[in-house]
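**Q** Please read through the structure below; I'll follow up with questions.
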Amino acid sequence: MSFPKSGTTWTQEMAWLLNNNLDFEKSKEDLVSRYLFLEFEAILYSNLDATFDEYVANAQKPRYIKCHLPVFMLPDELWTIKPKIIYTVRNPKDVIVSFYHHYRHLQGYSGTLHDFINAFVNDKVSYSPMNEHVLEYWKLSKKYENILFLFYEDRIRNLEQEVKKVAKFLEKEYSQEEIEEVCEHLTFDSMQKNSSCNNENLTKMLKEKHEYETKDEKFNFIREGKVGSYKKEMNEEEIKRVEEYMNFPDFKEFGFEYKF
Ligand code: A3P
């Protein structure tokens with residue numbers, strides 16, 4: 001679970017491997033086929049052959065589900081049946097830049113970054129508003145043990161520590177050597193070269209679906225993978241606008257802060 005562009009794919013690969021006894025061979029299967037993307041058909045085709053309930057019920061167990069929906073759209077059973085949920089958050093400035101490139105390459109967006117920032121801070125991009133999205137999961141993670149709340153920036157700074165956190169959450173034990181092997185598999189370079197993680201089939205399919213200006217440009221889903229990429233692309237005024245957006249009054253009350 002996540003707001004888009006927060007490191008979802010990274011989390012997916014990590015959780016899948018740790019929960020599948022580090023089956024590197026099977027992990028070569030496309031990540032898209034190893035996870036059910038709950039709302040994918042609804043966002044892509046604006047319809048569903050089955051309802052979400054049927055869609056999930058028909059999936060093979062154990063079910064690995066990717067989802068960007070806000071808490072209020074999720075079924076109540078999550079808090080009674082308590083499946084394990086990993087939520088990843090990333091600072092909105094980098095999310096915006098990452099989402100902007102995603103929109104340009106995969107959704108045919110032809111506006112400028114400036115326009116995109118405007119849309120973002122006015123809660124007009126998909127899955128908005130981000131602050132509320134994050135805060136609702138944060139609050140639940142304090143209340144329910146079946147939610148692990150992670151920061152993209154922590155993972156960039158200390159991947160091993162974060163992998164160990166996820167292994168513990170999934171109740172899996174691995175040797176130090178195995179953990180290091182997982183970390184190596186999860187580095188930016190390794191994931192970018194890995195076609196199943198770099199979403200190459202998905203990118204190809206979306207590029208073929210639409211006619212737009214970036215259609216023929218190469219796009220890596222695992223694009224830059226840095227903390228602070230926004231500094232290269234946003235001007236001071238734009239940064240200030242996003243910072244104002246991030247200054248969400250309710251965060252203080254619940255002790256939440258974005259990381260950098
Ligand atoms: P950038 O566009 O800033 O590079 P999501 O999977 O939620 O769509 O998030 C995609 C973002 O996570 C991209 O950010 C991508 O590069 C980054 N990412 C994915 N795997 C990564 C890794 N192994 N190391 C660092 N960043 C990674």
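**Q** Within the stretch 83-99, does at least one residue satisfy the condition of being within 29 Å of E217 (Cβ to Cβ), at pLDDT below 95, within 16 Å of the ligand (Cβ to nearest atom) and over 13 Å from the mean Cα position of the chain (by Cα)?
**A** There is no residue in the stretch 83-99 that is within 29 Å of E217 (Cβ to Cβ), at pLDDT below 95, within 16 Å of the ligand (Cβ to nearest atom) and over 13 Å from the mean Cα position of the chain (by Cα).
**Q** Within 15 Å of the ligand (Cβ to nearest atom), of a type outside the set (K, R), open to solvent by 30 Å² or more (accessible area, probe 1.4 Å) and over 19 Å from the mean Cα position of the chain (by Cα): does that describe E237?
**A** Numbers: within 15 Å of the ligand (Cβ to nearest atom): no; of a type outside the set (K, R): yes; open to solvent by 30 Å² or more (accessible area, probe 1.4 Å): yes; over 19 Å from the mean Cα position of the chain (by Cα): yes.
The answer is no for E237.
**Q** Among the numbered criteria (1) in contact with a strand residue (DSSP E or B) (Cβ under 8 Å, 6 or more places away or on another chain); (2) at pLDDT below 95; (3) open to solvent by less than 10 Å² (accessible area, probe 1.4 Å), which one does L106 miss?
**A** (1)
**Q** Restricting attention to the stretch 120-131, and to residues there that are within 14 Å of the ligand (Cβ to nearest atom) and open to solvent by 30 Å² or more (accessible area, probe 1.4 Å), which single residue is nearest to E233 (Cα to Cα)? Give the derivation first.
**A** Filtering the stretch 120-131 for residues within 14 Å of the ligand (Cβ to nearest atom) gives 125-127, 130.
Subsequent filtering for residues that are open to solvent by 30 Å² or more (accessible area, probe 1.4 Å) retains 126-127.
On the way: S126: 21, Y127: 23 Å.
Once the filter is applied, the top-ranked residue is S126.
**Q** Name the pairs: first residue in the stretch 168-195 and without any contact (Cβ under 8 Å) to a residue 40 or more places away in the chain, second residue among the aliphatic types (A, V, I, L, M), Cβ to Cβ under 7 Å, at least 6 apart or on different chains?
**A** Qualifying pairs under 7 Å: I179/V163; C183/L159; C183/V163; F188/I222; Q192/I222.
**Q** Scan the stretch 215-226 residue by residue and report those that are at pLDDT 80 or above, more than 9 Å from the ligand (Cβ to nearest atom) and open to solvent by less than 70 Å² (accessible area, probe 1.4 Å). Spell out the reasoning first.
**A** Taking the stretch 215-226 first, the residues at pLDDT 80 or above are 217-226.
From the residues that got through so far, the ones that are more than 9 Å from the ligand (Cβ to nearest atom) too are 217-219.
Result: F219, single match.
**Q** Where in the stretch 43-159 are there helices (runs of 4 or more DSSP H), lying wholly inside it, with at least 2 residues that are hydrophobic (A, V, I, L, M, F, W, C) and over 26 Å from G225 (Cβ atoms)? Write out each step before concluding.
**A** Working: elements: 52-57, 92-106, 113-121, 130-143, 152-157.
It comes to 52-57.
**Q** Examine the stretch 199-213 for a residue that is open to solvent by less than 50 Å² (accessible area, probe 1.4 Å), at pLDDT below 95 and part of a loop (DSSP other than H, G, I, E, B), and state whether such a residue exists.
**A** Narrowing the stretch 199-213 to residues open to solvent by less than 50 Å² (accessible area, probe 1.4 Å): 199, 202-203, 206-207, 212.
So of that shortlist, the ones also at pLDDT below 95 come out as 199, 202-203, 206-207, 212.
From what's left, part of a loop (DSSP other than H, G, I, E, B): 199, 212.
There is at least one residue in the stretch 199-213 that is open to solvent by less than 50 Å² (accessible area, probe 1.4 Å), at pLDDT below 95 and part of a loop (DSSP other than H, G, I, E, B).
**Q** Regarding the stretch 44-57, can at least one residue be identified that is among the small types (G, A, S), touching a Phe, Trp or Tyr at 6+ places or on another chain (Cβ under 8 Å), open to solvent by 80 Å² or more (accessible area, probe 1.4 Å) and closer than 21 Å to T203 by Cα?
**A** Looking only at the stretch 44-57, we keep the residues that are among the small types (G, A, S), and these are 46, 50, 57.
From what's left, touching a Phe, Trp or Tyr at 6+ places or on another chain (Cβ under 8 Å): none.
No, that holds for no residue.
**Q** Working only within the stretch 171-196, note down all residues that are modelled with pLDDT of 95 or more and away from the ligand (no atom under 12 Å from the Cβ).
**A** E171, K172, E173, Y174, S175, Q176, E177, E178, I179, E180, E181
**Q** Going by the structure shown, is K226 of a type in the set (K, R), under 18 Å from V97 (Cα atoms) and touching a residue at least 40 places away in the same chain (Cβ under 8 Å)? Reasoning before the result, please.
**A** Numbers: of a type in the set (K, R): yes; under 18 Å from V97 (Cα atoms): yes; touching a residue at least 40 places away in the same chain (Cβ under 8 Å): yes.
For K226, the condition - of a type in the set (K, R), under 18 Å from V97 (Cα atoms) and touching a residue at least 40 places away in the same chain (Cβ under 8 Å) - is met.
**Q** OK, next. What are the pairs, 6+ residues apart or on separate chains, where a residue within the stretch 149-162 that is hydrophobic (A, V, I, L, M, F, W, C) has its Cβ under 9 Å from a residue that is surrounded by fewer than 15 Cβ atoms within 10 Å (Cβ to Cβ)?
**A** Here the result reads F149/K142; F151/K259; I156/K226; L159/T187, each pair linking the stretch 149-162 to a residue that is surrounded by fewer than 15 Cβ atoms within 10 Å (Cβ to Cβ).
**Q** Further question on the same structure: Considering only residues of the stretch 4-27 that are within 8 Å of the ligand (Cβ to nearest atom) and not in a helix (DSSP H, G or I), which is farthest from F120 (Cα to Cα)?
**A** G7
**Q** Could you look through the stretch 160-176, keep only residues that are farther than 26 Å from R223 by Cβ and of a type outside the set (D, E, K, R), and pick out the one that is surrounded by the most Cβ atoms within 10 Å (Cβ to Cβ)? Step through it out loud before you land on a result.
**A** Within the stretch 160-176, the subset farther than 26 Å from R223 by Cβ is 164, 167-176.
Checking the rest, the ones that are also of a type outside the set (D, E, K, R) come to 167, 169-170, 174-176.
Numbers: A167: 20, F169: 18, L170: 15, Y174: 17, S175: 8, Q176: 9.
Looking at residues that are farther than 26 Å from R223 by Cβ and of a type outside the set (D, E, K, R), I get A167.
**Q** Among the candidates F99, F24, single out the residue that is open to solvent by less than 20 Å² (accessible area, probe 1.4 Å) and among the aromatic types (F, W, Y). It would help to see each step written out before you state the result.
**A** Details: F24 fails: open to solvent by less than 20 Å² (accessible area, probe 1.4 Å).
From the options F99, F24, the qualifying one is F99.
**Q** From the list I147, I117, I179, which one is in contact with a Ser or Thr (Cβ under 7 Å, 6 or more places away or on another chain), open to solvent by less than 30 Å² (accessible area, probe 1.4 Å) and not hydroxyl-bearing (S, T, Y)?
**A** I147
The values are calculated or read from the model by the stated rules, or taken from the named source; none is laboratory data. Nothing here was measured: the structure is a model prediction, and the numbers come from that model. Ideal geometry is used to build each Cβ from the backbone, glycine not excepted, and the neighbour counts take in all protein chains shown. These area figures cover heavy atoms from the full protein model, side chains too; ligands, DNA and RNA do not enter into them. Shrake-Rupley method; radii C 1.70, N 1.55, O 1.52, S 1.80 Å.
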